[in-house]
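The values are calculated or read from the model by the stated rules, or taken from the named source; none is laboratory data. Since this is a predicted model, take the numbers as computed values, not measurements. Methodologically, a virtual Cβ is constructed for each residue, glycine included, from the backbone with ideal geometry; neighbour enumeration extends over all protein chains shown.
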Amino acid sequence: MDKVDLKSMTLPKLEAYCASIGLPKFRAGQIFQWLHEKQVDSFDEMTNLSADLREKLKENCFISGISIRRKLVSQIDGTTKYLFEFADGETVESVLMQYKHGYSLCISTQVGCRMGCKFCASTLLGLARSLTPAEMLNEVYMAGKDSGHKISSIVLMGIGEPLDNFDNVMDFLDILSSPKGLNLSLRHVSLSTCGLVEGIYKLMEKKLQLTLSISLHAPNDEIRNQTMPINRKHPIEELLTACREYFRVTGRRISFEYALIEGVNDTPACAQELASRLRGMSAHGNLIPVNPVKERDYKKSSKERIRRFQEILEKHHINATVRRELGSDINAACGQLRRDDKGGGTC
């Protein structure tokens, strides 16, 4: 019989499991706190449980673990990039970044990605599998333990598409924000999607206080079809309709990610069209100089072209900022370290 992954259970699910094996409800709370507040790695550390109960849990359950396979620290700004390894040998990346407000961790939600965005290294090896809630939590817990820093915000913008792993991501968020765990407010969490419209509507129904980020990267279907295959299923106007409805229901402003690629989507005409698309929405534009990937021929836009693009958006009353480039000396863009580890070469 397969052992039960206790760390992936929300508190209500853990309470239900404990009831199924004849344990009182308060035991679930104790176990949950050991796993998520104290972040123990073994049942032996759960000292307020009887020895018999700890043995019973060992026989029927397991505590998901994680290890650091590689770690790179930027000599420029201290950004730390982790290549984490799970029990089955699969790996994902997380990036720990320091800002004025504290430390932010960008985590992965899947091993690989099947979305196929043309400028992204994460999708080059395809999708191996989705991560469990425990595996996502382990990225957070291990980065905190290794760095010695309190992580004040989480970004689900690493390897994988969060809304393609919807149920596990929702349980991860539930556990992450639990008062008996890290108790991290979802107002300090950003979730990025390439545009899975059905997932946006499902997320809308949850009415969570997180920030939804849309990886838009193009002002029209012609360009987006070339760079992001998901657009053939969900064209821009369908995606933006979902975004408008999401804001209407949740009241949460949406951030639009826009990776600027020289000669592809960074012209003044593109900026004008994007401004027209976003006009009237409570939106924030996050302009990103695209990261070079060896297997792609896309080039980063010049600082002057980026500045001009930003000016045009702001002229049309679209709030836009240029993302600060962190960890440039360690290839901090998601997917590159895992790809290199798998034998894909170096940038």
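Quick notes on this structure:
- Extreme residue, surrounded by the most Cβ atoms within 10 Å (Cβ to Cβ), among residues of segment 1-35 that are in a helix (DSSP H, G or I) and polar (S, T, N, Q): S8
- One residue from T211, T241 being surrounded by fewer than 20 Cβ atoms within 10 Å (Cβ to Cβ) and in contact with a strand residue (DSSP E or B) (Cβ under 6 Å, 6 or more places away or on another chain): T211
- Among the candidates L163, L124, the residue that is among the hydrophobic types (A, V, I, L, M, F, W, C) and out of contact with any Leu (no Cβ under 8 Å at 6 or more places or on another chain) is uniquely L124.
- Within segment 78-92, the residues that satisfy the criterion of being charged (D, E, K, R) and either in contact with a strand residue (DSSP E or B) (Cβ under 7 Å, 6 or more places away or on another chain) or outside any loop (DSSP other than H, G, I, E, B) (or both) are K81, E85, E90.
- A single entry from G285, G263 fulfils the requirement of being assigned by TED's automatic domain parsing to the domain that holds S213 and surrounded by fewer than 14 Cβ atoms within 10 Å (Cβ to Cβ): G263.
- Criterion applied to K38, K58 was being within 32 Å of the chain's Cα centre (by Cα), surrounded by fewer than 16 Cβ atoms within 10 Å (Cβ to Cβ) and part of a loop (DSSP other than H, G, I, E, B), and the one residue passing it is K38.
- Residue within segment 203-223 that is in a helix (DSSP H, G or I) and in contact with a helix residue (DSSP H, G or I) (Cβ under 6 Å, 6 or more places away or on another chain) present: yes
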